[in-house]
Every structure is written in C-alpha cells, then in structure tokens.
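To keep things clear, I will list the structure first and then write my remarks on it.
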Amino acid sequence: METQKWSIVALCLLGVLGSTTAKVSVSGPVEEENPEFWRAQGAKALQAALNRKLNTNVAKNIMLFLGDGMGITTITAARILKGQMHNQSGEETVMTMDTFPHTGLLKTYSVDFQIPDSSSTATAYLCGVKTNLNTVGVNAAARNGICKTQKGNEVTSILKWAKDAGKSVGIVTTTRVQHATPATTYAHSASRKWYSDADMPASAKKEGCTDIASQLLKNTDIDVIIGGGRKYMTPKGTWDPEYPRDLSSSGKRQDGRHLISDWQKMKVGKVARYVWNRTDFDAVDPDTTDYLMALFEPGDLRFDVERDPTMDPSIAETTEKAIRILSKNPKGFFLLVEGGRIDQGHHASRASMALHETVAFDNAVAKGLELTNEEETLTLVTADHSHAFTFNGYPFRGQSILGKSPLYGKDMLPYTTLMYGNGPGYKVVDNKRPDIRKVDTQSKDYVQLSAVPLDTETHGGEDVAVLARGPMAHLFHGVQEQSYLAHAMAYAGCVGRDLRHCESGEEGGTERGPFVLLLLFNKKVLCAKMILSNYVNYDNTPDLYMFIFK
C-alpha cells in the first residue's frame with residue numbers, strides 16, 4: 001500500500017508540474033505525432049545502411065579520439081546539452097561522433113581490478129596488452145609502484161609502431177602530456193604517478209627507473225606534443241612564465257635537467273617550435289614546422305568553460321594544428337587526441353564541466369574529419385572507462401539536462417536528472433537530503449548529489465563504445481576486449497606485427513583481379529585457365545601469366 005500511495009503522489013506531481021513548469025515541452029514537435037515522420041526517418045536510415053560499402057583500403061592515417069571517462073551515459077547527456085546550447089530540445093541532436101557508421105563495445109576491466117583506471121586501459125587500447133591498475137606501458141607481470149618488476153615487461157604502443165613504419169606521430173591532450181593516457185604512447189612505468197623524478201621514491205631511482213617526462217624525449221621521436229605539464233619539464237624552482245608568483249606552478253625536477261631546452265637541442269637541423277601561449281601557437285606555420293611542443297599550463301589545461309581564449313586554444317584548434325603538421329608526411333600519420341578533463345569533471349561530480357568538455361571534444365572530432373579524407377583515414381572515437389554517473393527520473397522532453405527531475409523523492413524533495421553513485425556530492429545530514437529547489441543546478445560549479453560520500457567520485461565498470469569510420473572501420477564491431485583496439489588499428493594501417501593487409505594488395509583500391517594462366521611448350525598452348533581471386537579490380541581485366549617450357 002505504501003508503494004501504491006507514493007506512486008499516486010508521484011503521478012499527481014508529474015501532472016501538476018507538467019502543467020506549470022515554464023519553458024518545458026511536455027511533448028515533442030508536432031510532426032513527431034505523425035507516424036509517417038518516424039517511418040520516413042527509419043526508411044532513410046535503413047537505405048543509408050543498405051547503400052554503405054565497406055572501405056577495405058589501407059589506412060594511411062589513423063586518428064584516435066579518446067574521451068577519458070566518456071561512458072555512454074556521458075555521450076547521451078552531452079548530446080542533449082549540445083543541442084540545448086543551440087536552443088534546441090536536445091534529445092534529437094546529432095553529434096559528430098554519432099555519424100560514425102560502425103560501432104562496437106569494449107570490455108574495460110584490468111588484469112587485477114573489475115573497474116580500471118586510465119593507465120591500465122590506455123595500455124590495453126594503445127599497446128594491445130591488458131595490465132594492472134596504475135601501470136603504464138608494461139604488461140601484467142609488472143607491479144604497481146615496484147620498479148624492479150618493470151624491467152623486461154615493457155610493451156610498446158601503436159604510436160611507436162606507426163613511427164617505426166615511417167609515419168609522423170602526435171599527441172594532443174587537455175591534461176598534462178605526462179598523464180596516464182598520453183604517457184602510454186611513449187613511456188614504460190611501474191607507476192603512472194612518476195611524472196617527474198621528484199615524484200619517484202629513492203628506491204625506484206636507485207633501481208634504474210626513470211620518470212615519465214624524461215621518457216617523453218628518450219623513447220620515441222614524437223613530431224607533435226600538445227597539452228600541459230610544463231612544471232615536470234624544468235628544474236626545481238624555475239619560475240613558470242605564466243604564473244611566476246605561484247610556487248606550485250614552478251619547476252619540480254630534482255635532477256637539474258631542463259627538458260624543454262634538451263628537446264630543442266635534439267632537433268638540430270629541423271624546425272622545432274616550443275610555445276606556451278596562444279600568440280606563439282598561432283604564429284606556428286604548419287607548412288614550415290617539423291616539430292611542435294606546446295605546453296599551455298604547468299599541469300592540466302583549464303576546463304573549456306573556464307579557458308581564457310586569449311591565452312589557450314581550444315582542443316579543436318590544437319587538433320587542427322597537429323593534423324596540418326603531421327599530414328605533410330606522404331606516408332601518413334598517427335594522432336591521439338584526448339579529451340582528458342571529461343574524466344576530471346566527473347571525479348569532482350561537476351556534471352556541467354564534464355559535459356561541456358565532451359561537447360568541446362566532439363568539436364575536435366568534427367575538425368579532424370574536416371581536415372582528412374575518409375577514404376584514407378581511419379578515425380575512431382572511444383573512451384577508456386565510464387563513471388558512476390546516472391541519467392534518471394522522468395524529465396520532460398526538452399528539459400535542461402542539468403536541471404531537476406519533475407518527480408520528487410519520498411522525502412518530498414527534488415533531485416537532479418544527473419547524479420552520481422558516489423563522490424563529494426553526498427550531502428545527507430540527520431538523514432535528510434538538502435533542499436535544492438532554489439539551487440541553480442545548471443551552474444558550472446554545481447556538485448551533483450551522490451549516494452556514498454567520497455572525496456572523489458570513482459570510475460564505472462561497464463563497457464564503453466568504440467565508433468569508427470574510414471578504412472577497415474568494420475573491424476570495430478561486436479563486444480571485444482579493450483586490447484583488441486590496438487591490433488585492429490595496426491592491421492588497418494599496416495603497422496606493427498600483422499602486415500597481412502598490406503600484403504593482400506588492397507591499398508588504395510588496387511586489388512588483384514582475375515588472371516589467365518597459360519602453359520606453353522614449344523610455343524604451343526598446353527593449357528589456359530582463368531583464375532578468379534577474392535577481389536575484383538577496377539576494370540575487371542584479366543592479367544596474363546605465362547609459364548614457358550622448352
């Protein structure tokens with residue numbers, strides 16, 4: 001009876017709020033009431049699927065767009081926000097990543113935990129090997145924080161495979177370039193937290209391990225490096241050029257090395273530019289630049305909604321600069337673009353921040369597609385893991401994604417449509433939730449309510465999506481281990497160990513067609529046989545092969 005009573009109350013509230021809530025559409029556009037609207041939409045989508053041809057070219061370029069913490073709930077909520085930012089209802093919005101024709105799911109667990117972190121997942125999708133929590137570019141025989149287990153257990157990434165194949169390579173991130181995701185492209189570390197030598201225990205240094213920042217220069221010759229992380233590159237006490245009075249922004253290195261200067265000295269004979277602000281970044285000419293290191297902050301970059309556009313470019317702008325530099329290589333390129341602060345917005349339970357970061361990330365995906373040719377560029381969008389993030393209640397069509405559900409809880413208090421399972425938003429006092437009726441939950445600083453008190457919200461363990469378009473995009477399908485991603489990307493681009501795709505002769509649509517086999521003896525044809533291959537060439541003209549016996 002108690003459940004029934006509250007159900008009736010809830011339905012009454014829904015009816016009342018539906019008739020009184022301002023600026024909320026209880027139903028969709030009028031045309032959506034006509035069944036022919038949906039039939040026509042379905043028929044159009046079906047025909048597009050039927051018309052789709054598989055692109056089996058070799059991928060000259062590979063672009064991997066990684067939304068850190070961008071679970072499926074985040075994608076859905078960001079889609080609605082993106083529409084609402086343009087005064088639309090939001091639910092029907094199509095993000096750039098939504099247009100990718102091939103989709104799969106990736107299982108994200110690490111070797112030792114059901115729910116992973118960003119370094120173990122990065123090792124999976126970049127190196128093709130699952131590993132333990134908090135380790136970077138090493139297999140699961142290495143142990144978190146134990147240097148001596150690192151030696152001999154290093155694994156390389158697709159960025160290195162691409163570089164070894166003669167391609168140009170780059171990383172673009174909104175975090176520090178020594179952070180878990182970008183670090184895995186070039187570093188091997190028993191701890192993801194060894195950003196500089198100042199972050200390492202004496203025992204690890206004594207046993208021969210080196211910090212991640214120093215490995216950025218030593219391990220792989222990376223053409224474009226864009227993100228934050230200045231303070232890990234300079235000697236302790238070095239003033240930061242942007243924040244000279246902030247001691248926390250000054251250099252951290254204890255070995256006295258100035259890695260930025262070292263990087264510049266390594267590029268003798270090349271045009272290598274280091275920049276730390278918008279003005280110098282804009283002055284970089286991609287046509288004449290061989291190498292670019294752009295570090296816009298001492299640590300991670302600012303959230304996009306707090307970014308000073310006169311000082312720091314957007315992720316779409318940094319992506320564009322990277323592509324223009326890398327695409328000069330006739331052999332192609334590999335580029336990792338990370339929307340890293342999606343994750344950090346979620347950890348702080350600030351859904352507005354996380355979703356605005358996702359919208360900015362989607363804009364970068366659009367820029368990447370604009371600057372490349374789909375016939376020769378494999379583009380992927382995926383996430384490393386999700387978060388304890390829920391989209392709940394019964395909000396009306398078009399209601400702000402950052403707003404409150406029209407239904408109240410049993411305590412007769414409202415709750416937001418977006419909430420967290422745990423995190424800093426736990427606000428229960430004397431067994432009562434806070435009354436948020438007069439609280440602006442759409443503020444960028446609003447901390448969503450959560451069920452369990454934690455200083456920082458945790459990751460989620462469900463599968464994440466992988467979206468693909470371009471050469472061999474159909475390989476990204478079904479439910480796969482996250483480590484599958486690296487192998488499929490490498491196969492598509494003919495880098496790494498498995499080169500069968502190149503050897504099959506499928507690059508650029510130059511497949512072998514049928515051929516005629518002739519056996520001749522003393523100029524007389526003994527046998528003529530048409531041999532059909534698995535592929536058809538453009539003009540379907542048979543090639544002629546003769547074997548002459550005298």
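The values are calculated or read from the model by the stated rules, or taken from the named source; none is laboratory data. Model, not experiment: these values are computed from the prediction. Note that we place each Cβ from the backbone using ideal geometry, even for glycine, and neighbour counts take in every protein chain shown. The area values use the complete protein model at the heavy-atom level, side chains included, leaving out ligands, DNA and RNA. Shrake-Rupley method; radii C 1.70, N 1.55, O 1.52, S 1.80 Å.
Please say if region 330-422 is rounded, prolate or oblate, where rounded means a/c under 1.5 for a ≥ b ≥ c the square roots of the C-alpha gyration tensor eigenvalues, and otherwise the choice is prolate for a/b larger than b/c and oblate otherwise? Display every interim value, and only then the final one.
On the way: a/c = 3.74, a/b = 2.53, b/c = 1.48.
Prolate, since a/c reaches 1.5 and a/b exceeds b/c.
Hey, with R₀ at 56 Å, roughly what FRET efficiency would Gln114 and Trp239 work out to, going by the Cβ-Cβ distance, to 0.05?
Details: r = 44 Å, r/R0 = 0.79.
Efficiency, rounded to the nearest 0.05: 0.80.
Show which lysines lie in cross-link reach of Lys148 when reach means a straight Cα distance below 26 angstrom and same-chain residues fewer than eight apart are skipped.
The reachable lysines, counting only those whose Cα sits under 26 Å from Lys148, are Lys130, Lys160, Lys193, Lys205, Lys206, Lys218, Lys252.
Using the alpha carbons of the chain, what is the convex hull volume per residue in cubic angstrom, as a whole number?
222 Å³
Apply the a/c threshold of 1.5 to the C-alpha gyration tensor of region 417-465 and tell me whether it is rounded, prolate or oblate.
Oblate.
For every helix of n ≥ 4 consecutive DSSP H residues, a contribution of -39,500 (n - 2.57) applies; sum these over the chain, divide by its total residues, and give [θ] at 222 nm rounded to the nearest 500 deg cm²/dmol. Could you put the intermediate results ahead of the total?
Values: 15 runs with 149 residues, N = 550.
Only helices count here, giving -8000 deg cm²/dmol.
To the nearest 10 Å², what's Glu32's accessible area with a 1.4 Å probe?
About 40 Å², rounded to the nearest 10.
Along its principal axes, what span do the Cα atoms of region 255-378 show, with the longest given first and each in whole Å?
Rounded to whole Å, the extents work out to 47, 47, 27 Å.
Put +1 on the Cβ of every Lys and Arg and -1 on every Asp and Glu Cβ in region 309-458; which of Gly398, Asn363, Leu336 then has its Cα farthest towards the positive end of the dipole?
Final value for the positive-end residue is Gly398.
Check each of the trypsin sites (Lys or Arg not before Pro) in region 265-322 and keep only those in coil by DSSP with at most 12 other C-beta atoms within 10 angstrom; list them in order. All intermediate terms of the calculation are to be shown ahead of the outcome.
Values: sites: Lys265, Lys267, Lys270, Arg273, Arg278, Arg302, Arg307, Lys321; in loops: Lys267, Lys270, Arg302, Arg307.
Answer in residue order: Lys270.
Give me the net charge of Lys148's neighbourhood, meaning all other residues with Cβ under 14 Å from the Cβ of Lys148; Lys, Arg count +1, Asp, Glu -1.
Values: positive: Arg143, Lys151, Lys205, Lys206; negative: Glu154, Glu207.
Once all neighbours under 14 Å are counted, the net charge is +2.
Hey, what's the chain come to in accessible area per residue, 1.4 Å probe, Å²?
On the way: 25290 Å² over 550 residues.
Dividing the accessible area of the chain by its residue count gives 46 Å².
Using only alpha carbon pairs under 8 Å that are at least six residues apart, calculate the relative contact order of region 178-297 and give it in whole percent. Write out the running numbers ahead of the final one.
Working: 182 pairs, mean separation 28.5, N = 120.
Value for region 178-297: 24 percent.
Rounded to whole Å, give me the distance from the Cα center of region 70-105 to that of region 453-505.
Cα centroid of region 70-105 versus Cα centroid of region 453-505: 21 Å apart.
Of all accessible surface on region 332-491 at a 1.4 Å probe, what whole percent is carbon and sulfur? Intermediate results must be reported in sequence, preceding the final value.
Working: 3030 of 5720 Å².
Heavy-atom surface of region 332-491 belonging to carbon and sulfur, 1.4 Å probe: 53 percent.
So what's the net charge close to His102: Lys and Arg +1, Asp and Glu -1, counting the other residues with Cβ under 13 Å from its Cβ?
On the way: positive: Arg52, Lys53, Arg469; negative: Asp98, Glu374.
The answer is +1.
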